[in-house]
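For reference, the structure is listed below as structure tokens.
Only the coordinates and a few stated rules stand behind these numbers; no lab work does. This one's a predicted model, so the numbers in the text were calculated from it and none came from an experiment. Neighbour counts run over all protein chains shown; Cβ positions are idealised from the backbone, glycine included.
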Amino acid sequence: MKIVVIDGQGGSLGRALVEGVKGLKGCEIYAVGTNSIATSAMLKSGADFGATGENPVVVNCRDADIIAGPIGIIAADSLLGEITEKMAAAVAKSNAAKVLIPVSRCSVTVAGVRDMPMGELIKIAVEKIKTLAHSR
């Protein structure tokens, strides 16, 4: 099973996701950063593979089973402009299950989602990824 974690900025959200799901039996974790700092943070936290930039996002979304990251990875120009149109389209078009975390810096607001500490949101996302990984 291929789990693709996409993050930008400093990679702290992606790092926490990788830490939460590393070691899942039969899963490989691909850390794809929009910048080298984010990729490095995710690799240091235990990702199996890592790459940086637009093309790695596009290529790795093609055959991903699960894609995880901030909700902004589906919106061009989010994450302070780090998400390109091609990146957003690749994530949105992928057949992978998507586990997206609502983050205010992503310029996307989801109505009905209550404010929660980032740690709690990540914990919920990790549990969802584990459930998806076991069901596939």
Out-of-range pairs (alpha-carbon distance over 21 Å; input Lys44/Lys86; Lys2/Lys22; Lys25/Lys86; Lys22/Lys86; Lys86/Lys123): Lys44/Lys86; Lys25/Lys86; Lys22/Lys86; Lys86/Lys123
The chain, dipole about Cα centre (Lys/Arg Cβ +1, Asp/Glu Cβ -1), debye to the nearest 20: 340 debye
Estimated distance in nm for a label pair at Ala51 and Glu120, the labels positioned 7 Å out from Cα along Cα-to-Cβ: 3.7 nm
Gaussian network model of the chain, springs between alpha carbon atoms under 10 Å - residue of Val91, Val110, Val32 with greatest fluctuation: Val110
Highest-first arrangement of 20-29, 111-120, 70-79, 92-101, where packing means the average Cβ count within 10 Å: 70-79, 92-101, 20-29, 111-120
Kirkwood Rh and Cα Rg combined as Rg/Rh, the chain: 0.92
Estimated 222 nm signal from helices in the chain, with DSSP H stretches of n ≥ 4 weighted -39500 (n - 2.57), rounded to 500: -12500 deg cm²/dmol
Computed label-point distance, nm, for sites Glu28 and Asn95 using a 7 Å Cα→Cβ extension: 1.8 nm
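Starting with the highest mean, order 54-65, 121-132, 34-45 by the number of other Cβ atoms within 10 Å, averaged over the residues of each peptide.
Numbers: 54-65: 18.6, 121-132: 16.9, 34-45: 20.4.
Ranking the peptides 54-65, 121-132, 34-45 by packing returns 34-45, 54-65, 121-132.
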